[in-house]
Amino acid sequence: MNDHEHEHKAKEYQDKGVVPFWPEHLLKELVVGLVAIAVLFVFSLFVHPSLGHVADPGDWAYVPAPDWYFYWVENFFDVGGYYWSVLGLVKYDWILMFLVPAIGVATLYLVPFIDRYPERRLLKRPLMLGLLMFGMLFLGYFTANGVYAHDTLTAEEPYNIFKSSCATCHYIQGLGGDQTGAVKTPTGQWIYPPDLSHVGSILSPAQIQAQLENPKGGMPQLNLPPAAIKDLVPFLSNLK
């Protein structure tokens, strides 16, 4: 392309309001990229991520957690799995674990082919704006729930309450109680305190709270304050 053709093309772009890729658009992309790299570099120098406590193989109460940007996935499957079991669909859990994520990923790939509307302003595209807002609320809600669940679970206070009030009789993964809370039935059969390793998969948070407040099945009254029960319920609910 000679100089005359280049000038003609540039004037044509200008009349149409189109920005040429070279050098205008590429220069802007380069500047934005350099700024982003500089910000990340500064953060890496002065803001250090929390790596948590030193690994302790003897800490039987520790529950591993994914990185924060995967909290929404974990929390979605936790909440979804609970309601799935309530509906009696446990044997169809492959639908929740495989089919639902597959449909979500396929939808993302299909959006460019479904949304062919040329309008670019969001306010003129209510359907896509609604889907965007739904996606942001969905991710935000389940991420926040996941952060709260893990913050509660890893706090020392719920663990200390469990150790002082529950671990005397109950045990987790074979560690803990000495079964001093065993109850003898009228028929002479001994009923031992249950293993709490997977209590979160057996009882809902509401059922766990009810058992702590009004014990049944031979369990003694704990007389825990409401604040302690509030901390202990999420701790036990996450034992799955």
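The values are calculated or read from the model by the stated rules, or taken from the named source; none is laboratory data. Bear in mind the structure is a predicted one, so any value in this text is a computation, not a measurement. Positions of Cβ are backbone-derived with ideal geometry, glycine not excepted, and every protein chain shown enters the neighbour counts.
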For segment 216-239, name all the residues that are within 19 Å of Pro193 (Cβ to Cβ) and not in a helix (DSSP H, G or I). Lys216, Gly217, Gly218, Met219, Pro220, Gln221, Leu222, Asn223, Leu224, Leu239
Which of the residues spanning segment 73-118 are loosely packed, with under 11 Cβ neighbours inside 10 Å, of a type in the set (D, E, K, R) and either at pLDDT below 75 or outside any loop (DSSP other than H, G, I, E, B) (or both)? Lys91
